[in-house]
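What follows is a short report on a single structure.
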Amino acid sequence: MSTGVREQVGRTFASFSVRNYTYFFIGALVSNIGLWMGRTAQDWMVLTQLTDHSSSALGYVTALQFLPIVLLGPTMGAVADRWSKQTLLYWTQSLLALNAMALFILDATGVIQLWHVMVIAFVQGAISALDNPARQSFVPEMVPMRLVPNAIGLNSAQFNSARLLGPGIGGLLIAAVGIPACLLINALSFAAVIISLVLMDRSSLTPAPTRRGKGAVREGVRYVSHRPDILVPMVIVFMLGTFGMNFQITNALMATKVFGKGPGEYGLLGSIMAVGTLVAALLAARRAHPRLRTLLIPMAGFAIFTTALGLAPGYGVYAVTLIPVGLCALTVMTTANATVQLASDPDVRGRVMALYMAIFQGGTPIGAPIIGWIGDTWGPRWTLLIGAIATGITVIGVLLFIRFHDRMRMTIEAGWPPRMGLLPMNPQHR
């Protein structure tokens with residue numbers, strides 16, 4: 001292996017030099033494989049076992065899973081800034097395991113009903129409202145600040161490696177032995193994260209300062225409202241999460257209602273899409289700094305390729321087109337995440353990341369029922385085309401916002417891809 005190649009590989013996997021982060025990465029990888037298997041099984045259960053392929057029902061279940069993140073996210077972010085992230089993760093991962101086990105028991109005993117799934121989805125969302133900001137803001141405590149973009153990229157790589165394996169294995173397992181096996185594996189997989197937390201060396205962590213006293217939530221909201229460099233990526237991920245990232249619904253509808261496929265082919269779509277997201281995650285791990293162009297250009301690409309998805313003539317074309325869609329989507333998400341984390345002060349990072357996750361995942365309770373209704377009313381293809389239109393408009397809106405905002409100025413340098421950046425600008429200099 002040449003010196004240049006070794007340097008590239010070393011830069012891509014630099015965070016693995018930190019033992020605590022390596023433990024956490026492995027635990028999260030195992031857990032997320034189980035998560036994607038469980039999510040595939042849950043969606044297939046709702047569509048084929050509990051309803052007659054109702055996209056509205058699947059949309060409601062998805063919405064309930066993310067609604068608590070909107071309602072509780074900012075408050076839970078304040079909790080994450082108040083307590084040890086490692087201790088909080090012990091509790092949240094244990095509670096998520098118990099919640100997943102309840103779904104398995106209900107299905108295995110044959111008493112499962114749609115309202116059971118809805119309640120369990122809501123409880124999962126409530127626990128995740130605390131788990132998300134604690135987990136996101138825990139990354140800078142495990143690695144030096146210079147490695148934060150790399151660690152975020154590798155986190156996305158492990159999540160999408162799991163997404164590559166989980167749905168495919170889940171689909172095959174459903175076809176071979178049934179839904180309960182996937183649900184049980186998901187429940188047991190949370191133990192991997194708990195074990196990784198136990199193995200960590202606490203003395204090597206660099207905990208952020210804890211925030212005490214009242215007004216923590218208002219302080220976090222006020223902090224973000226005065227930071228347009230944080231608001232821009234938040235708006236982008238809100239629109240992407242609300243109208244674009246509904247593949248939990250759209251893939252299921254396209255596989256079953258348009259292409260007439262079974263659980264194996266449905267699960268395979270998630271794995272194929274993960275090829276693109278995994279490539280994007282590995283590329284993100286190599287970037288030293290997030291850039292504006294890696295937000296806007298991939299967002300525009302997402303709109304274009306999602307339009308192609310909505311017009312795909314057959315299952316094969318649809319499946320292949322998911323690769324660039326996944327690449328564009330994940331590039332936007334990792335860049336936005338790194339931008340927000342690096343721009344936030346350590347003492348408010350938990351609250352900022354809670355708002356970030358509330359905005360990103362919290363758009364789902366709005367978008368999922370709308371997308372589900374569109375699927376039932378206009379047909380599955382429009383669930384994708386509406387997402388493409390909304391994300392395309394977002395790119396134009398962000399460019400106009402930057403152009404006319406008093407404290408922001410966009411710079412563009414020649415070349416391909418064009419180099420784009422944001423500079424602070426004094427209003428009197430406009």
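Per-residue packing, averaged as other Cβ atoms within 10 Å, sorts the ranges 233-245, 386-398 into the order 233-245, 386-398, beginning with the highest. The base-10 log of I(q)/I(0) for segment 225-264, evaluated at q = 0.16, 0.22, 0.27, 0.34 Å⁻¹, reads -0.54, -0.70, -0.84, -1.01 [Debye formula, identical scatterers on Cα atoms, solvent excluded].
Treating r as the C-beta distance of Thr109 and Val258 and R0 as 35 Å, the FRET efficiency rounds to 0.55.
Extension gain for Leu188-Ile393 works out to 69.6 nm (0.36 nm per residue, less the C-alpha to C-alpha distance).
Heavy-atom accessible surface of Met101, to the nearest 10 Å², is about 50 Å², with a 1.4 Å probe and all protein chains retained. Stretching His116 away from Arg146 to a fully extended chain increases their span by 6.3 nm, per 0.36 nm per residue minus the current alpha-carbon distance. Accessible surface for Ile194 stands near 40 Å², nearest 10, in the context of the full protein assembly shown (1.4 Å probe). Put Arg227, Arg291, Arg349 in order of accessible area, highest first, and with a 1.4 Å probe you get Arg291, Arg227, Arg349.
Computed from label points 7 Å out along Cα-Cβ, the spacing between Asp201 and Ser225 is 4.4 nm. Across 5 Å bins from 0, what is the distribution of all Cα-Cα pair distances for segment 104-154, in whole percents? Bin by bin from 0 Å, the calculated values are 4, 17, 16, 12, 11, 10, 10, 9, 7, 3, 0. Here is the tail figure for segment 15-200: Cα pairs spaced more than 31 Å apart come to 17 percent of all pairs.
The values are calculated or read from the model by the stated rules, or taken from the named source; none is laboratory data. Everything numeric in this text was worked out from a predicted model, so none of it was measured. Counting neighbours? That spans all protein chains shown, and the Cβs are built from the backbone with ideal geometry, glycine included. Surface accessibility is based on the protein's heavy atoms, side chains included, excluding ligands, DNA and RNA. Shrake-Rupley method; radii C 1.70, N 1.55, O 1.52, S 1.80 Å.
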